[in-house]
Amino acid sequence: MRHVLSMKNLSTEDIIRILDRAAEFESGAKPNLKETYTVSNLFFEPSTRTKMSFEMAERKLNLHVLPFEAATSSTVKGETLIDTVKTLEAIGVDALVIRHEAEEYYNELLNGVGISVINGGDGAGQHPSQSMLDLYTIRQEFGRFEGLTITIAGDIAHSRVARSNADALKMLGANVHYLSPLEWKGEFETVSSWEEILPSSDVVMLLRVQHERHGNDGSFSKEEYHEKYGLTLKREKMMKKDAIIMHPAPINRGVEIADELVECDRSRIFKQMHNGVFVRMAILETVLKGREK
Amino acid sequence: MRHVLSMKNLSTEDIIRILDRAAEFESGAKPNLKETYTVSNLFFEPSTRTKMSFEMAERKLNLHVLPFEAATSSTVKGETLIDTVKTLEAIGVDALVIRHEAEEYYNELLNGVGISVINGGDGAGQHPSQSMLDLYTIRQEFGRFEGLTITIAGDIAHSRVARSNADALKMLGANVHYLSPLEWKGEFETVSSWEEILPSSDVVMLLRVQHERHGNDGSFSKEEYHEKYGLTLKREKMMKKDAIIMHPAPINRGVEIADELVECDRSRIFKQMHNGVFVRMAILETVLKGREK
Amino acid sequence: MRHVLSMKNLSTEDIIRILDRAAEFESGAKPNLKETYTVSNLFFEPSTRTKMSFEMAERKLNLHVLPFEAATSSTVKGETLIDTVKTLEAIGVDALVIRHEAEEYYNELLNGVGISVINGGDGAGQHPSQSMLDLYTIRQEFGRFEGLTITIAGDIAHSRVARSNADALKMLGANVHYLSPLEWKGEFETVSSWEEILPSSDVVMLLRVQHERHGNDGSFSKEEYHEKYGLTLKREKMMKKDAIIMHPAPINRGVEIADELVECDRSRIFKQMHNGVFVRMAILETVLKGREK
C-alpha cells in the first residue's frame, strides 16, 4: 500500500490488517521499520485532533517530522500543491499527511510523484484515518461489524467522515442508517426520525454541525437543531442497553449532543481519540513499509 | 506536584527544591525520568522567550514535543480550551505548558483532567516559571532572599510577573517595594519616587510597558514615561554598589530602561533568560516525576 | 567560519570545501560534530524550499531544532531582531538560519553576538545557501566552472539569487551573462536578446518573476513576459546539446518557463532542491564545527 486516500480503495483485508496492527501497537508493540523515515503534515485547513494524533503517531514511530505551515509556505506566493509536493519529494520526504479543502486533491498528485500520500481529509470527500479509528472503536466494543445497526446523524452531505464510514461499514457487513435535516442529506437515504431508529441502534454516530462550511443558511437555531436532530437527554434513554455514542469531534456541546452526554458511560468520544494514535501508527507504518520493497 | 499554576500554590520548600534542581541542571546534571514523556506548548498569546525557553528545556529533557499552533487548531472552529486539553490528554500527551489571555484559565481544567498543566502566563494573573527564574537569578547573585530590598517598577497592575514575584519574594523574606504611575498601581502600595527607594534597593526589577494591553490611554509619551518612571542613566548612578537590574523582557529600549543600561555590568537581563532554561527543566521534570508514582 | 552571510565573504577555497563536504554527505557520510547543537530557523518571509531543506538538513545532522514562528513571537510586541537573536543566544541556541526582508539585516547582529548566523535570504541582497546549491549542481554536471557560459535571466535587480551567483561564478572562472527587461536590470549589463546568448550557453538560469515585490507595474502581462523573456518551447530548441536549465523555484509555470520544460530532460530544477539538503548539511556542519575550537 503506497497511499491511503479513500476508504473506497481499501479491501476488507486491508482494513482488517490495519486494525490488527493498531491493536498490536495498543498492546505495546514496537515499530518495525528499517530506516528513519521523514514525514510532514500539510494541513491547509484547521485541525487539532487529526494533526496532533498524526504528530504523536509519528513520534511513537521514531520518524523525522518536518514542520510545515501553509500560511508561511510558498503557497502564499502562488505555488501549486503539486509543486509543493514535488519539492518535498526532492528534499527527501518519504510520506505526507495532507488535509486540503479541495475534494480529491490527491488525484493530481499521483502521476509521477514518488512520495506517499495519506489523506487527512479532502473537502467533503473522505477522511480514511478517522474512519479507521471509528472502525477500531466499534470492533473493540462489539468484536464484529456483521449485523450491527449503526446510525449516522447530522450534516451527512458535507461530512467526509460519514462518506468514509458509510463505504467501509457496509463492506464489513453492518447496517447503516442516516438521520439528517432534508437540506443536508445529500445523496443519502435517511430515516424519518430518531424514534424510528434509536431503539435498534448499536452505535449512534453524531456529526459536527459545520458552521464554517454552511455560512448562515438560517434554517435552524442551535436549539432547534438540538431539539430535532441532536442526541438529547431524553433520546439517550431510548438507546439499547449496550449501545454506544460516537462523535469525530470537535463537538458543539448542546447542538449535536447534550452537554451532559459528552462524557457519559455510553460515550466513546475520547476513546476514539485515544484509539486514533494506534490506528495512525498502523497506517503510517503500512505505507512506509510499502516503500521498503 | 502535578501542576504548576501559581506561585501562591507553592510552599517555600517547593520553591527551594526547584531552585536547587535547576542549579544541578546548570552544573550539567542529566534528567532523571523513567519514560519518554510527551508535552505540548499551547501559546494563545505571542511569546518568544517563554516559549523558546520551554522548547529548549523540553529538548534537554529528551521529551517528545508536539507542535501546537492556536491559529490553525480547532479553537478557530469554536472548540473550547477544556475540549482541546481533553483531546490532547486522550491522544496521550502527559503535560501542557499553556499561555492564555484569560486569568485563571486553568481552574476549569483541573476537574477530571489527568494531564499536567504548567502555567506559562494567564492574563494579568500569574507567570510562575518567570518568577522562579527571577528567584534563581537573585539567589545566584546574593545567596539569599532574607532582608533584600527589591523594587518592582512599572505597570504593576497588568503584570503577572509583578504579581507572581510579589507573592514569592515576601514569603522568602525579602522587602518588596513598588513604583508605578497612579493609573497602573492596581492593588499595590507604591513609593512616591525613585529617589526614595533606589539608594537602598538591592534589586531593581523593571516591567515592560505593555502597549498592547493599554491601547492608547495617552497618559504619557515614551519620553515622559522614561523621564518619570524609567531607569535613566542618571538614576542608575544612584544605585548601591552591588545592586542589579532585572527585566523579564521583551524590553522597550528607552522607555522602561535607557538603551545603554540593557547590557551594562549591573544588568542580569540576558542572564535571566539563560537561567530560565534550567528552571524550566526543573519544573517540567518535577511535574513529570509527579506522574510516575 | 562562524557565519555564512554572503557569497562575497567566501573565498574560492571556502566554497570548494563546502561543495566537497556536500558531496560526501550525498555519498552517505555521517555528520562529524562533537555535541548535539541547537538551531532555530527564523523565517520572516514565506518559504517552503529553503526552510524545509534546512529543516531536513538539521535532522540529518541530529541537531535539536527549536520551532520559531515570526507571527506568534514577541516581534509582534515590537521586539527588535537583535533582541530576539540575543534572547535565543541566552537560551542556548548555537546557530540561526534567518530570512528577513531587510537587506543586510545581519550587519547589526555581528557585534557582541556569539550565536552563529546563516543567511537564508536578505531582501534583494544575498542567498548564499541557494547559490551554493546552484554551484553544486553545475559542478555535478560539468565537473568545473572555468570557461562555462552561464546566462541568468529575469528579474535580476530584485534577485538575491542572481546577486549571490554572479559574485561566486565569476570568482570561479565562469562567463556570466544577464538577460532582463530594462526595468529590472539594476546594476547589471544585459545582453540584448535570447537569440544572442542562448546558442552558446551551458547553463540557463531562470529567475522567478516576483509578483509580490513588484506590485502592479503593468509593464507586461504574463504572456508578454513569457514571449519576450521566458524560456519558450521554441527557444529551448536553440540550446546547446548538453546545456541545462536551472530555476531556484517557486516557478511561475508559463511565465519564466514553458510548463512543459519544467521537468524536461535538460531541467535540473528538482535536482537543485535535492542537492540543497546536502549543501545545507555542509554549511551547518562547517559553521557548528567552527564553534568547537
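Quick notes on this structure:
- Chains B and A together bury roughly 2100 Å² of accessible area, counting both sides, with a 1.4 Å probe on protein heavy atoms only.
- Where GluC sites (Glu not before Pro) fall in DSSP loop in the stretch B:107-209, at most 10 other Cβ within 10 Å: B:Glu146, B:Glu187, B:Glu189
- Teacher prompt: C:Lys170 distances to equivalent labels in other copies, 7 Å Cα→Cβ, nm: 6.9, 7.0
- Of all lysines in the structure, the ones whose alpha carbon falls short of 19 Å from that of A:Lys170, not counting any fewer than 8 places away in one chain, are A:Lys8, A:Lys185.
- Reachable aspartates and glutamates, given that their alpha-carbon falls under 12 Å from the alpha-carbon of A:Lys77 and they are not under 8 places away in the same chain: C:Glu45, C:Glu212
- Euclidean distance of C-alpha centroids, the stretch B:18-35 and the stretch C:84-130, integer Å: 31 Å
- Charges were assigned to the Cβ only: +1 to each Lys and Arg, -1 to each Asp and Glu. The resulting dipole of the stretch B:136-206 about its Cα centre is roughly 280 debye.
- Accessible-area composition of the protein assembly as shown, carbon plus sulfur, in percent [1.4 Å probe]: 47 percent
- Taking each of B:Lys271/C:Lys34; A:Lys34/C:Lys289; A:Lys60/A:Lys289 in turn, the alpha-carbon distance tops 19 angstrom for B:Lys271/C:Lys34; A:Lys34/C:Lys289.
- Comparing A:Thr80, A:Thr137, A:Thr50 in a Gaussian network model of chain A (Cα springs below 10 Å), the most mobile by mean-square fluctuation is A:Thr80.
- Coordinate range along principal axes, alpha carbons of chain B, Å, largest first: 56, 43, 30
- Using R0 = 35 Å, the C-beta based FRET efficiency linking C:Leu182 and C:Ala102 works out to 0.85.
- Label geometry 7 Å along the beta-carbon vector: B:Phe142 inter-copy distances in nm: 6.9, 6.9
- Estimated FRET transfer efficiency (A:Thr36, B:Glu195; beta-carbon r; R0 60 Å; 0.05): 0.45
- Build a GNM of chain A with springs between Cα atoms under 10 Å apart, and of A:Leu169, A:Leu182, A:Leu63 the one that fluctuates most is A:Leu182.
- Loop-resident trypsin sites (Lys or Arg not before Pro) (DSSP state other than H, G, I, E or B) in the stretch A:1-72 with no more than 15 further Cβ atoms inside 10 Å of their Cβ: A:Arg2, A:Lys34.
- Sequence-ordered 3J(HN,Hα) estimates for the stretch C:149-158 from the Karplus curve with 6.51, -1.76 and 1.60 and θ = phi - 60° stand at 9, 10, 10, 9, 10, x, 8, 5, 4, 9 Hz, glycine and proline given as x.
- Highest GNM mean-square fluctuation among C:Ser180, C:Ser192, C:Ser131, for chain C modelled with Cα contacts below 10 Å: C:Ser192.
- The long axis of helix C:12-26 is offset from the longest Cα principal axis of chain C by roughly 80 degrees.
- Here the relative contact order of chain C, from alpha carbon pairs under 8 Å that lie six or more residues apart, stands at 23 percent.
- Pseudo-label separations to other copies for B:Thr80 - Cα-to-Cβ vector, 7 Å, nm: 4.6, 4.6
- Built amide H within the under 5 Å cut-off of C:Leu231, gap 5+: C:Ile257, C:Ala258
- About the centre of its Cα atoms, chain A shows a dipole size close to 760 debye [charges on the beta carbon of Lys, Arg (+1) and Asp, Glu (-1) only; nearest 20 debye].
- Residue among A:Gln130, A:Phe220, A:Leu261 farthest towards the positive dipole end of the stretch A:128-269, charges placed on Cβ: A:Gln130
- Look at the alpha carbon pairs under 8 Å that are at least 6 residues apart: their mean separation over the length of the stretch B:128-272 gives a relative contact order of 25 percent.
- Compared with the dominant principal axis of the Cα atoms in chain A, helix A:269-289 is inclined by about 30°.
- Each Lys and Arg Cβ is given +1 and each Asp and Glu Cβ -1; about its Cα centre, the stretch B:128-272 then shows a dipole of about 360 debye.
- Surface accessible to a 1.4 Å probe, A:Val4 within the full protein complex, Å²: 0 Å²
- Using alpha-carbon coordinates, inclination of helix A:81-91 to the longest axis of chain A, degrees: 50 degrees
- For the axis carrying chain A to chain B: nearest C-beta residue of A, whole Å: A:Pro67, 3
- For the stretch A:31-66, GluC sites (Glu not before Pro) meeting the loop criterion (DSSP other than H, G, I, E, B) and having at most 16 other Cβ atoms within 10 Å: A:Glu35.
The values are calculated or read from the model by the stated rules, or taken from the named source; none is laboratory data. Every value quoted in this text rests on a predicted model; they were computed, and no experiment measured them. Please note: Cβ atoms are built from the backbone with ideal geometry, for glycine as well, and neighbour counts cover all protein chains shown. Protein only, heavy atoms only, side chains kept; ligands, DNA and RNA dropped before computing areas. Shrake-Rupley method; radii C 1.70, N 1.55, O 1.52, S 1.80 Å.
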